[in-house]
1. Running a GNM on the chain with Cα contacts under 10 Å, which residue among 158, 142, 282 ends up with the highest mean-square fluctuation?
2. In whole Å, what is the distance between the alpha-carbon centres of the stretch 17-67 and the stretch 230-253?
3. I want to verify a result. In a Gaussian network model of the chain, Cα cutoff 10 Å, which of these has the top mean-square fluctuation: 241, 51, 93?
4. Which of these values of mean projected area of the Cα convex hull in nm² was calculated from the structure shown: (1) 20.7; (2) 19.7; (3) 21.8?
5. With labels modelled as points extended 7 Å from the Cα through the Cβ direction, what inter-label distance (nm, one decimal) is found for residue 19 paired with residue 275?
6. So if we plug the beta-carbon distance of residue 231 and residue 307 into 1/(1 + (r/R0)^6) with R0 = 25 Å, what FRET efficiency do we get, rounded to 0.05?
7. Kindly state, to the nearest 0.05, the FRET efficiency for residue 331 paired with residue 221, given R0 = 35 Å and r defined as their beta-carbon distance.
8. Once fully extended, how much extra length lies between residue 151 and residue 245, figured as 0.36 nm per residue of separation less the alpha-carbon to alpha-carbon distance?
């Protein structure tokens, strides 16, 4: 029986031989496309890696770029048939390891998107497991393919990986690298800011926040209640409900607050927009535990000089620091609330 199975596999491989180059190129393209899709939705990929709570956010942003570089380089090398045996072994083994990781995610996290293809093509862990098993099966069928050897292939490979590395740093630099080369000062409109701080009738507080599972929306009421920030430390978040980077920023902040066990009562969201978009914003970012105040658009724009999101460290009536999406720093947040 075993002998027949071996003979059957050998016959299948012989019949499959003319298509090995096509399969190799398609697998390489899949890796390249996967890397590009992750790069396009890099912020969501950063947040997903951080959600595991293993590394701090800075290391997650570095890890995400390394994964993209690794995946892109392997894909291009496989397409051009460079160092086939080594690349074949790396792709097969890492795909197997990631499959084991996805099994863990499927069993214990139930994520709706594992970000294997970024946010462009959403795949849950189960579908990604099936995809990976298909890749491993195809890799086994082409394992005896011949590799191309040509003059200066070593330097071609080094140049290829180097160019990809530089492109990633330029196109999607980690926030820490961005902050190192860009030091623009973030400011508030002091007059407007002090006016809103001294008179809390400029914004209403969201109360009775409830999640409607059937309609997939958050329902809430509003009330006029004074906001007293004079005797403690607070992180103020000025948000536009329809702003993509406001959503990403609050997702980051939310995870940092949870992972470092900071009291959510010290985070105040000051948001503007219509009720529907505010409801969608709260639902998407899962910011259910923060006090949320609705501001008039002209006031929010006036305070932040039209820059959203804007975050403020506020300590006993004094502005300590103002920063934006690119300057969100986990260490700074933790140190501020110590």
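1. 158
2. 28
3. Between 241, 51, 93, it is 93 that shows the largest mean-square fluctuation.
4. Here mean projected area of the Cα convex hull in nm² agrees with entry (3).
5. It works out to 5.8 nm between the two label points.
6. Details: r = 28 Å, r/R0 = 1.13.
Computed FRET efficiency for residue 231 and residue 307: 0.35.
7. Numbers: r = 37 Å, r/R0 = 1.07.
So, using R0 = 35 Å, E works out to roughly 0.40.
8. Details: separation 94, 0.36 × 94 = 33.84 nm, distance 4.71 nm.
Net length gain for the segment: 29.1 nm.
Computed from the coordinates by the stated procedures, all read-outs in this text should not be read as laboratory data. The model shown is predicted, which means the values in this text are computed figures rather than measured ones. With ideal geometry, Cβ positions are generated from the backbone for all residues, glycine too; neighbour counts draw on all protein chains shown.
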